[in-house]
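Written below as C-alpha cells is the structure these notes are about.
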Amino acid sequence: MSKVKPAPLPPDTMVGGYRIVRKLAAGGFGVVYLAVDAEGQQVAVKEYLPSSLATRGPGELLPQVQPEKLSLYRLGLKSFFEEGRALAQISHASVVSVLNFFRENETVYMVMNYLEGASLQEFIITARELKKQKVFRESTIRSLYDEVLRGLRIVHQHKMLHLDIKPANIFVTDDNRAVLIDFGAAREVLSKEGNFIRPMYTPGFAAPEMYRRDSSMGPWTDIYAIGACIYASMQGYPPNDAPQRLEKDRLSLALSRLRGVYSDNLIEVVEWCMSLDPLSRPQSVFALQKELSRETERSYTKLTVAEKMRLQFDNIVSDNKKSLRRPSNVGTKFR
C-alpha cells in the first residue's frame, strides 16, 4: 500500500498575506499553489512539504512529522529557506523571480512570479508524438539553451547550483522567455543525509556524482544536466540514467544515429557535457556558451525562443494537414 501524500492547503487559506486559489503542482518535496497577494496580483507560492518526512490531513495547516524524522525535516527546511533567500538576490529574465519567503505553519513558503506558458517537457512530448525526424530544429535548440545558460551563469556567479535541471524545470513563457524554475537544494540535502531507498533524482538528468555521498559537486554537475536536456530535445526521450551508463554506456551509439540530422558540433557538445568524468566536462557555463554559440553553426533569424518553437509546430501542422493546440500534457510522464 503506497503512502498517502500530504493534503494541499484548501482554497482561500491565508498564508503570509497571500490567499491560496488552487494547487498548481505537487512533488516529493512540496506543493506549488496559485495565490493572490493583497493587491490581487497572481503569484505562485511553493510550500516546503516533503512527502517522505511529513503528513497532513485534509483541511489542516500544520505538517505532522514523526520525532525520528524531525531533524531531517528541519535540515531540509533550512536549506529551502536559504535557497529562497539566495534566489531573492538574483534578478534575471531566465531565472524564476522570488518575491518573498517566510516561515509559517511550521514550514517555509517561497513566493514567486506566476508564469504562464508551458514547460519544455510539454513541448518535447507534443513534438515527439508527431513522429518527425527532428524533435526541434538545431537553431531552436541553440537559441533555447543559450537563453537558459545566461540564467544559469548568473546562478553560478551567486555561488549557487540548481541541481535539478530537466525539461520539466525549463519553462517557456507566453511572453517569450525560457526560465529556470524549481531549484533542488532541499532535495539534494535530504538525498545526501537521509537513508532513502531510492535516490531523489530524475533519472537521465542527474550527474553520476549526485548518486555518491562523498563526491563534490560544482558547475559541471548542472552542465551534465544541460547536456541531458539537449539530448532530450534532440531524441525526444531522456538519456539512460548515470548508474546504467556506468555499467554500459550507450550514449555515443544513440547520438551516432542523429548524425546527419543534427550537426557534428552539437552532438559533440552533448557528449562533452555528459562525460561521466566530471573533470572531462565543461568546467564553467561560459566555456559551454562559447562552444554552443559558434558562428559557423548558427544561421537563425531574430525570432525569440518561444516564437521559434511555436513557428516550428505551425510548420509541422501545415506539413501534416492537421491542427495542433498548444501543448497540454501537464503531468504526462516523460520517459
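The values are calculated or read from the model by the stated rules, or taken from the named source; none is laboratory data. Only a predicted model underlies this, so the values are computations on that prediction, with no experimental measurement involved. Neighbour counts run over all protein chains shown; Cβ positions are idealised from the backbone, glycine included.
Residues Glu68, Glu122, Glu129: which one is over 25 Å from Pro11 (Cα atoms) and at pLDDT below 90? Break it down stepwise before answering.
Values: Glu68 fails: at pLDDT below 90; Glu122 fails: at pLDDT below 90.
Going through Glu68, Glu122, Glu129 in turn, the sole match is Glu129.
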Failed item in (1) of a type outside the set (A, V, I, L, M); (2) modelled with pLDDT under 95; (3) not in a loop (DSSP other than H, G, I, E, B), with Asp175 passing the rest: (3)
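Quick one: which helices (runs of 4 or more DSSP H) sit completely within segment 224-335 and have at least 2 residues that are in contact with a strand residue (DSSP E or B) (Cβ under 6 Å, 6 or more places away or on another chain) and modelled with pLDDT under 95? I'd like the intermediate steps shown before the answer.
On the way: elements: 242-247, 251-256, 264-273, 285-292, 305-320.
Helices (runs of 4 or more DSSP H) meeting the threshold: 305-320.
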Which of the following residues is over 25 Å from Pro203 (Cβ atoms) and in the same structural domain as Ala178 (by TED's automatic domain parsing): Ser252, Ser256, Ser293? Ser293
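Got a number for residues in segment 242-257 being touching a residue at least 12 places away in the same chain (Cβ under 8 Å) and over 19 Å from Ile125 (Cβ atoms)? Don't jump to the end; show me each part of the working.
We begin by selecting, within segment 242-257, every residue touching a residue at least 12 places away in the same chain (Cβ under 8 Å); these are 242-243, 245-246, 249, 251-252, 254-255.
Next cut, over 19 Å from Ile125 (Cβ atoms) only: 242-243, 245-246, 249, 251-252, 255.
Of the residues in segment 242-257, 8 are touching a residue at least 12 places away in the same chain (Cβ under 8 Å) and over 19 Å from Ile125 (Cβ atoms).
Please verify whether segment 69-80 includes one or more residues that are out of contact with any His (no Cβ under 7 Å at 6 or more places or on another chain) and either in the same structural domain as Glu291 (by TED's automatic domain parsing) or part of a loop (DSSP other than H, G, I, E, B) (or both).
At the first step, the residues of segment 69-80 found to be out of contact with any His (no Cβ under 7 Å at 6 or more places or on another chain) are 69-80.
In the following step, the residues that additionally are either in the same structural domain as Glu291 (by TED's automatic domain parsing) or part of a loop (DSSP other than H, G, I, E, B) (or both) were identified as none.
Looking for residues that are out of contact with any His (no Cβ under 7 Å at 6 or more places or on another chain) and either in the same structural domain as Glu291 (by TED's automatic domain parsing) or part of a loop (DSSP other than H, G, I, E, B) (or both), one finds none in segment 69-80, hence no.
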For segment 79-110, give me each residue that is without any contact (Cβ under 8 Å) to a residue 60 or more places away in the chain and more than 16 Å from Val43 (Cα to Cα). Phe81, Arg85, Ser91, Arg103, Glu106
Here are Phe102, Phe136: which of them is of a type in the set (Phe, Trp, Tyr) and not assigned by TED's automatic domain parsing to the domain that holds Tyr211? Phe102
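For segment 1-44, what are the residues that are among the hydroxyl-bearing types (Ser, Thr, Tyr) and surrounded by fewer than 16 Cβ atoms within 10 Å (Cβ to Cβ)? Walk me through it before giving the result.
Here is the first cut: in segment 1-44, the ones among the hydroxyl-bearing types (Ser, Thr, Tyr) are 2, 13, 18, 33.
Scanning segment 1-44 gives a single hit, Ser2.
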